[in-house]
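Heads up, the thing below is written out as structure tokens.
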Amino acid sequence: MIGELIRTPGALGGFMLLVLIFGFAPGIVLAVIVRLIPDLDRRYELQAELYEVPRWERPFWVAEQFEVSLRIGMVPRVEWGWGRFVWHRCKLESGLASTREYPDSFEVPDDEVKTEIRPGDHVKLMWSVRRFPGERMWVTVTERTGDRLVGTLNSMAIYVYMHPDEAIKFHIDDIIDCALDNDELAIEAEAA
């Protein structure tokens with residue numbers, strides 16, 4: 001009986017296709033799909049659930065998980081990229097230009113204070129965002145080369161599509177406020 005089935009034209013190929021579809025493919029495809037999901041525990045959970053699903057339902061179950069991983073994995077990444085680079089394009093604003101435009105109401109640190117800024121100091125920068133109000137956030141200076149600075153974002157952005165600890169390059173004239181390390185030491189010494 002089995003010998004007759006194997007000798008039938010196309011039977012061996014059909015059998016191999018069934019083994020692939022219901023045997024190997026669901027596990028391999030699911031391993032690729034779960035890479036889209038940011039939560040590591042959820043990845044392991046889905047891979048363990050695969051072997052609880054009846055073998056004949058596994059290809060369809062994996063297809064459902066593909067939809068889930070697209071929704072919770074890819075969609076937020078695409079939204080983030082779209083928001084940051086297309087929809088909410090933000091621009092770092094110059095504190096010096098703002099104080100020249102509004103001299104009575106917008107103050108920035110003077111040039112003497114700005115020359116004292118070193119790595120480890122905190123500075124406040126402001127961003128304008130199309131379609132939304134701008135934001136002012138604190139940045140920790142990590143490098144300084146003349147008037148060019150590099151720092152990491154300390155704040156959690158609301159309108160600006162940036163992550164905390166993201167590296168930011170800026171000019172000394174972009175600073176709207178600062179908290180120097182030596183200021184903090186002076187405050188601590190006065191309190192003691």
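All of the numbers you see were taken from the coordinates with simple rules; none came from a lab. Everything quoted here is computed from the prediction, not taken from an experiment. Glycine gets a Cβ as well: all are built from the backbone with ideal geometry, and neighbour counts include every protein chain shown.
Using θ = phi - 60° and the Karplus curve 6.51 cos²θ - 1.76 cosθ + 1.60, what whole-Hz ³J(HN,Hα) does each residue of the range 165-178 get, with Gly and Pro shown as x?
In residue order, the calculated couplings are 6, 6, 6, 10, 9, 8, 9, 4, 6, 6, 5, 10, 7, 8 Hz.
In degrees from 0 to 90, rounded to the nearest 10, what is the angle of the helix 58-69 Cα long axis to the longest principal axis of the chain?
Tilt of helix 58-69: around 10 degrees.
What are the extents of the Cα atoms of the chain along their three principal axes, in Å, largest first?
Cα extents, longest axis first: 95, 42, 27 Å.
Per the helix-only calculation at 222 nm, which mean residue ellipticity applies to the chain, given -39500 (n - 2.57) for every DSSP H run of n ≥ 4 and division by its residues, nearest 500 deg cm²/dmol? Each step should come with its number before you reach the end.
Values: 9 runs with 78 residues, N = 192.
Dividing the helical sum by the residues of the chain leaves -11500 deg cm²/dmol.
If N is the number of residues in the range 90-191, what value comes out of its Cα radius of gyration divided by 2.2 N^0.38 Å? Can you show the working numbers first?
Values: Rg = 13.8 Å, N = 102, 2.2 N^0.38 = 12.8 Å.
So the Cα radius of gyration is 1.08 times the expected 2.2 N^0.38 Å.
Just to be sure I understand the model, the point goes 7 Å from the Cα along the line to the Cβ. What's the resulting Arg89 to Arg130 distance in nm?
If labels sit at Arg89 and Arg130, their model points lie 0.5 nm apart.
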